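See below for the structure under consideration.
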Amino acid sequence: MTRHFRRTLGICAAVAAALASGVASAQKTELLVYTALETDQLKAYTESFQKTNPNIDLKFVRDSTGVITAKLLAEKANPQADAILGVAASSMEIFKAEGLLAPYAPVGFSSLNRKFSEAGNPPAWVGQDVFAAVVCYNTVEGAKKGIPKPETWADLTKPVYKGQITMPNPASSGTGFFDVSAWLQTMGEAGGWKYMDALHENIAQYTHSGSKPCRQSGAGEFVVGISFDFRGNDVKAKGAPVELVFPREGLGWDLEAAGIMKATKKMDAAKKLMDWVATREANEAYAKNFAIVAHPAVKPVLPHIPADLESRLIKNDFAYAAKNRDKILVEWQKRYAAKSEK
């Protein structure tokens with residue numbers, strides 16, 4: 001074989017390889033997914049999903065729950081997303097009511113805890129995991145300032161906590177919204193607003209992130225932060241001097257959930273994502289962050305979260321939360337927005 005012939009063969013092989021690579025790349029489907037998940041969770045979940053779906057690339061638009069909810073509603077006449085992952089069930093109920101979701105029962109759906117997904121058959125959305133209220137209390141700063149550890153929601157209205165509490169703004173944070181919704185459900189409309197008026201007197205700042213209040217408490221910026229269980233466990237596990245309080249009156253909560261946008265032109269790929277959402281492997285990935293997941297065979301163990309967390313959750317009416325969301329947020333903003341961070 002002449003050197004020229006071998007060189008020609010080499011060039012042909014290289015061209016063929018490049019063409020094959022281009023074809024493989026061209027065959028990949030890009031799925032646009034709107035999400036409120038944390039960045040580190042997205043990395044782990046994407047790696048898990050692509051083990052069985054290497055030809056689907058997930059492109060995320062990520063923001064807080066309130067921002068993602070507003071974005072999807074603003075785009076409802078011309079939806080951009082193909083699917084939704086890790087967005088609060090209270091928001092998913094709004095999308096269902098607006099006719100934005102394509103109901104679908106994923107492969108393996110029958111293995112999931114049915115109460116953690118939308119009630120339809122097939123369901124409009126599928127639950128992934130529960131996130132619940134927690135109060136982070138900085139023991140060092142509390143002792144220094146003579147501020148005791150709270151045990152109840154009512155405790156947080158006592159004058160000793162004035163200027164030492166942060167909590168999420170419900171307009172931007174799913175955590176903030178389930179707190180407000182829970183107080184209105186458990187205390188009644190009049191009682192809930194009366195409670196929030198009293199709490200507001202002690203609030204230093206309303207944040208736009210559900211995680212931030214616990215991080216602030218952990219860093220000693222404020223003694224108390226109203227947050228959610230995953231972030232409380234994470235901050236404490238990293239060594240911050242915080243105690244996690246699960247108020248005795250009951251905990252507000254929501255579900256991270258997934259669904260398919262009815263307008264998607266990539267329905268097969270979107271269904272593959274939903275099939276992954278229902279797998280045991282996916283639920284084991286959620287369980288690294290959350291104490292309650294949708295697959296009953298997966299039993300998360302988070303060291304700083306009580307084993308009986310589920311029994312501490314209030315009876316949550318997602319339909320109430322979805323139906324009254326706008327009215328609640330208008331009233332909340334009118335009363336309390338002056339203390340919200342920019």
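The values are calculated or read from the model by the stated rules, or taken from the named source; none is laboratory data. What you see is a predicted model; the values in this text were computed from it and never measured. Ideal geometry is used to build each Cβ from the backbone, glycine not excepted, and the neighbour counts take in all protein chains shown. These accessible areas exclude ligands, DNA and RNA; they are computed on the full protein's heavy atoms, side chains included. Shrake-Rupley method; radii C 1.70, N 1.55, O 1.52, S 1.80 Å.
Values computed for the structure shown
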read-out	value
Filter result for G120 (part of a loop (DSSP other than H, G, I, E, B), open to solvent by 10 Å² or more (accessible area, probe 1.4 Å) and either modelled with pLDDT under 95 or at positive phi (or both))	no
Filtered residues of segment 181-204 (kept if of a type outside the set (A, V, I, L, M, F, W, C) and not in a helix (DSSP H, G or I))	E201, N202
Residue match in segment 290-311 (condition: open to solvent by 20 Å² or more (accessible area, probe 1.4 Å), closer than 22 Å to D197 by Cα and either among the aromatic types (F, W, Y) or in contact with a Leu (Cβ under 6 Å, 6 or more places away or on another chain) (or both))	no
Filter result for the condition that a residue is assigned to a helix (DSSP H, G or I), open to solvent by 50 Å² or more (accessible area, probe 1.4 Å) and more than 22 Å from S211 (Cα to Cα), over E30, E47	E47
Residue ID - farthest from G86 (Cα to Cα), chosen from residues in segment 50-70 that are assigned to a helix (DSSP H, G or I) and of a type in the set (G, A, S)	A70
Residue satisfying condition, being on the phi > 0 side of the Ramachandran plot and touching a strand residue (DSSP E or B) at 6+ places or on another chain (Cβ under 8 Å), within set G252, G225, G220, G259	G220
Enumeration of residues in segment 205-219 that are part of a helix (DSSP H, G or I), in contact with a Lys or Arg (Cβ under 8 Å, 6 or more places away or on another chain) and closer than 19 Å to F290 by Cα	C214, R215
Those residues of segment 74-115 which are open to solvent by less than 10 Å² (accessible area, probe 1.4 Å), in contact with a strand residue (DSSP E or B) (Cβ under 8 Å, 6 or more places away or on another chain) and in a helix (DSSP H, G or I), in sequence order	A89, S90, M92, F95
Test: residue in segment 157-172 that is modelled with pLDDT under 95, out of contact with any His (no Cβ under 9 Å at 6 or more places or on another chain) and within 19 Å of L329 (Cα to Cα)	no
Breaking point among (1) open to solvent by less than 60 Å² (accessible area, probe 1.4 Å); (2) within 18 Å of L255 (Cα to Cα); (3) out of contact with any Phe, Trp or Tyr (no Cβ under 6 Å at 6 or more places or on another chain), for F60	(2)
